[in-house]
1. Here is a list: 98, 94. Which entry is surrounded by fewer than 23 Cβ atoms within 10 Å (Cβ to Cβ), closer than 24 Å to residue 42 by Cβ, in contact (Cβ under 8 Å) with a residue 12 or more places away in the chain and touching a helix residue (DSSP H, G or I) at 6+ places or on another chain (Cβ under 6 Å)?
2. Any residue in the range 162-178 that is over 25 Å from residue 252 (Cβ atoms), modelled with pLDDT of 95 or more, open to solvent by 10 Å² or more (accessible area, probe 1.4 Å) and part of a strand (DSSP E or B)?
3. Could you count how many residues in the range 227-270 are within 20 Å of residue 355 (Cβ to Cβ) and either surrounded by 12 or more Cβ atoms within 10 Å (Cβ to Cβ) or aromatic (Phe, Trp, Tyr) (or both)?
4. Before we move on, is residue 99 under 29 Å from residue 153 (Cβ atoms), aliphatic (A, V, I, L, M), modelled with pLDDT of 95 or more and part of a helix (DSSP H, G or I)?
5. Report, ordered by the first and then the second residue, all pairs with beta carbons closer than 8 Å, sequence separation of six or more or different chains, a first member in the range 311-340 that is touching a residue at least 12 places away in the same chain (Cβ under 8 Å) and closer than 16 Å to residue 221 by Cβ, and a second member that is open to solvent by 10 Å² or more (accessible area, probe 1.4 Å) and of a type in the set (Val, Ile, Thr).
6. Being under 21 Å from residue 283 (Cβ atoms), outside any loop (DSSP other than H, G, I, E, B) and of a type in the set (Val, Ile, Thr) is the requirement here; does residue 247 meet it?
7. If only one of 148, 119 is closer than 28 Å to residue 54 by Cβ and in a loop (DSSP other than H, G, I, E, B), which one is it?
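The values are calculated or read from the model by the stated rules, or taken from the named source; none is laboratory data. Just so we're clear, the structure is a prediction, and the values are computed from it rather than from any experiment. Backbone-built Cβ (ideal geometry, glycine too); neighbour counts: all protein chains shown. Note: areas computed on protein heavy atoms with side chains; ligands, DNA, RNA excluded. Shrake-Rupley method; radii C 1.70, N 1.55, O 1.52, S 1.80 Å.
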Amino acid sequence: MRARKVINGIRVVGGDCRAIVSREIGFYRVRPKIATLFLTYRCDSRCKTCSRWQLPQEQLAEWELDYDGWTIIIDKLAAAGIRVVEVFGGNVLLRKELLLQVLAGLHEKGMSIHLPTNQIGLDDEVAEAMARYVDTVYVSTDGLPEQQNEIRGLDDASRNVVQAITRLTRARENQGSCARPVRLVCNCTVSRFNADVLEELADYALLMGFDEIHYEYAGEFLPEDVARTRLDGVVPDPHYIRREQTILVDQDAAAGVKEAIRTIKKKFRDRPLRVATINIDTRSEESLWSGRIPHRKCYVMRNEVTVDPAGQIVLCPFITNVGLGDLVADAFDTIWDNARHRRLRAQHDRGGMPMCATCILGVERNPGIKQSLKRVYFTRIEPVLNR
């Protein structure tokens, strides 16, 4: 039995290593398999950790694409080999009818669908569609009841979480045992506002019936770094710029976050709640309080397609005012890896995008070979060693 477990473990780690090699090959081939679709940039939360809601909401609505346009985009992405899609906002539930149509369309193409939500507007009809079509739903949960309300800037934010998980759980049960069950993730953005209740949040997630809890550290771009970044003369407009006060933990609290994560992993090792802490595990304490993320490569610009609400392929989720081409009007292959795309990637590779030094995607989606192997250690090997 022990030998079989060792052999299975070697196979799993071997599969991870093959995936790393495949990812490196994909970096140089520039052939994406993943897409992020922003159905809207509008949002009706007022989160302390995000500035998206401060954008001019009525103006944003004016240039949002209708379903006819998104049908064209979905067809082109499927033909281009996209297999995994994240449906994103703002709050995509502000475009409920479009969301229901897009989810059905992506599902028909056989794509794996991931959907983060702030829960505002998640009614029974939406829950049923998510249970039917979506692989993973990320329910934003940043604090215990009153704290959630404070962080999300809404009096009923905590109630929205309870209603969402109740509806999603019921909708999943309604799908029956033959259906592929949607994974329900309690998605926690770790910041200075909730660093002292991380263990309690895991207890809450287990009590509420989530399948997983993900601790995702907050990110913010420094205004001076953004100002020094010029892309064909354009200054980027990321949504997470440091304001009057940082949302990151201080130096003392960074050590506390690391200790809390270690405690949580031990506590929930044998409980029916998967705890994902990899994006904090792989960062140093200094990285947590400074916001700096050491990475040289950007896989997102090469391996992931980002489509804005107007149907433009943009450079990345955080550089939304630098377009590469209109995916409704033009063929995918005339946009992706075109001259402008190559020129801007080369600029990044030369260190010509200072804002990227604090990009949280540098942890979540940009680990190089060394960081990727480190992630394999934390997710596969460390749990076994600590048993």
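1. 98
2. Checking the range 162-178: not a single residue is over 25 Å from residue 252 (Cβ atoms), modelled with pLDDT of 95 or more, open to solvent by 10 Å² or more (accessible area, probe 1.4 Å) and part of a strand (DSSP E or B).
3. Initially, the range 227-270 is screened for residues within 20 Å of residue 355 (Cβ to Cβ), giving 227-248.
Keeping just the survivors that are either surrounded by 12 or more Cβ atoms within 10 Å (Cβ to Cβ) or aromatic (Phe, Trp, Tyr) (or both) gives 227-231, 234-243, 246-248.
Here the count works out to 18.
4. On the way: under 29 Å from residue 153 (Cβ atoms): yes; aliphatic (A, V, I, L, M): yes; modelled with pLDDT of 95 or more: yes; part of a helix (DSSP H, G or I): yes.
Yes; evaluated as a whole, the condition is true for this residue.
5. That search, which allows pairs on different chains as well, returns 321/234; 322/234.
6. Details: under 21 Å from residue 283 (Cβ atoms): yes; outside any loop (DSSP other than H, G, I, E, B): no; of a type in the set (Val, Ile, Thr): yes.
Considered against the rule, which asks whether it is under 21 Å from residue 283 (Cβ atoms), outside any loop (DSSP other than H, G, I, E, B) and of a type in the set (Val, Ile, Thr), residue 247 comes out as no.
7. Working: 148 fails: in a loop (DSSP other than H, G, I, E, B).
When all the criteria are applied, what remains is 119.
Table: residues versus (1) out of contact with any Gly (no Cβ under 7 Å at 6 or more places or on another chain); (2) in a loop (DSSP other than H, G, I, E, B); (3) open to solvent by 20 Å² or more (accessible area, probe 1.4 Å); (4) over 29 Å from residue 357 (Cβ atoms).
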site	(1), (2), (3), (4)
189	yes, no, yes, no
198	yes, no, no, no
207	yes, no, yes, yes
216	yes, no, yes, no
